[in-house]
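Below: one structure, written as structure tokens.
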Amino acid sequence: MILEAQQKYVQVAPFLDDGRPASAARDACAFWPVPNTTQPHEPKVEGLPPVLVISTTNDPATPYQAGVKLAQAIKGALLTFEGTQHTVFLQGVSCVDKVGTDYLVNGTVPAPGTRCQAG
């Protein structure tokens, strides 16, 4: 049943195909504890410590430019992942995992322009 639904999904929205096989598991976004915002807006985040934003160039769900704009709006650091998946941190991409872990453990952000690739 899931495989059939996934095949139909790819037929009607091929741009959302991340290239991975169908799975019954939902990703972390399905459990995000914040209501969806339907209107574009500038975040108001005065006083935050440096924030790491990870954005994927060909993310099937979130446009890359949205991550770029978010990082700019919150004066955060941007890590660009050159790939096609949604949610890349702790998904086996060693470059992204290293930068993300260093941020979480040590509070350090990558240098401007830092990019990672699959493999």
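The values are calculated or read from the model by the stated rules, or taken from the named source; none is laboratory data. Nothing here was measured: the structure is a model prediction, and the numbers come from that model. Positions of Cβ are generated from backbone atoms using ideal geometry, with glycine treated the same way; all protein chains shown enter the neighbour counts.
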Of the residues Gln7, Gln39, which is loosely packed, with under 12 Cβ neighbours inside 10 Å, in a loop (DSSP other than H, G, I, E, B), out of contact with any Ser or Thr (no Cβ under 6 Å at 6 or more places or on another chain) and modelled with pLDDT under 90?
Gln39
Given the residues Gly92, Gly113, which is the only one that is assigned to a loop (DSSP other than H, G, I, E, B) and either under 15 Å from Thr57 (Cα atoms) or under 11 Å from the mean Cα position of the chain (by Cα) (or both)?
Gly113
Among the residues of the range 38-66, which ones are within 18 Å of the chain's Cα centre (by Cα) and either over 28 Å from Gln91 (Cα atoms) or in contact (Cβ under 8 Å) with a residue 60 or more places away in the chain (or both)?
Pro40
